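Working notes, structure below.
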Amino acid sequence: MASISKDPSGKYWVQFEDSVSGQRKTLRLPCRDKKTAEGVRVHIEQLLLAKMTGMPPPPATAAWLANLVGPLKTRLVRVGLVDQPKSDLTLRQFVADHLRLREHELKPGTKKPLRLAITDLFWHVDPGTPLRQVSPMQADRLRQNPIFQNATICSTNSCIH
């Protein structure tokens, strides 16, 4: 399924056939020893098998993949063996980016209540929480907070209490 080759500079690469497109793909490895290259080849074969069968990879390969960082993981994504990792954007980063994008739209009278709402949000939900882990239940609890129940929502001509 996958084979190891060595280039003249001493670096290894793994070649394999993509089961979907039928193309032969090459994955250059950042290692120079054969034992490590052989281990990577075994994991690549397991990932290929999992992709073909629609089953999850074996626990050893899943653990290897979970601990993998750097250029090799990027290369695995590029050749289609691994899905693109989801963003690890935190709630604090999301709010900061959102405010920075809307800074020119916000009037001074809006900025103060917005800062107070963000402070209260961060009191209820840890600002370091990854955005994908913020649950609807946390949002519901925040909406039930008396501060937000008595909030005034104003449009151009009218206010709703």
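Things to note:
- From 131, 81, residue being over 30 Å from residue 21 (Cα atoms) and either surrounded by 15 or more Cβ atoms within 10 Å (Cβ to Cβ) or at pLDDT 85 or above (or both): 131
- Residue 115 vs. criteria without any contact (Cβ under 8 Å) to a residue 12 or more places away in the chain and charged (D, E, K, R): yes
- The selection criterion, being among the hydrophobic types (A, V, I, L, M, F, W, C) and not in a loop (DSSP other than H, G, I, E, B), holds for residue 47.
- For the residues 10, 39, the requirement of being on the phi > 0 side of the Ramachandran plot and not aromatic (Phe, Trp, Tyr) singles out 10.
- Residue tally, condition over 15 Å from residue 89 (Cα atoms) and in a helix (DSSP H, G or I), over the stretch 123-146: 11
- Residue that is surrounded by the fewest Cβ atoms within 10 Å (Cβ to Cβ), among those in the stretch 37-65 that are farther than 17 Å from residue 80 by Cα and touching a residue at least 24 places away in the same chain (Cβ under 8 Å): 38
- Restricting the stretch 1-23 to residues that are surrounded by 10 or more Cβ atoms within 10 Å (Cβ to Cβ) and hydrophobic (A, V, I, L, M, F, W, C) leaves a set whose member that is nearest to residue 81 (Cα to Cα) is 16.
- Taking the conditions (1) out of contact with any strand residue (DSSP E or B) (no Cβ under 7 Å at 6 or more places or on another chain); (2) β-branched (Val, Ile, Thr); (3) not in a helix (DSSP H, G or I) in turn, residue 4 satisfies each one other than (1).
- Here residue 81 fits the description: within 30 Å of residue 135 (Cα to Cα), touching a strand residue (DSSP E or B) at 6+ places or on another chain (Cβ under 9 Å) and in a loop (DSSP other than H, G, I, E, B).
The values are calculated or read from the model by the stated rules, or taken from the named source; none is laboratory data. Everything numeric in this text was worked out from a predicted model, so none of it was measured. So basically every Cβ, Gly included, is an ideal-geometry build from the backbone, and we count neighbours across all protein chains shown.
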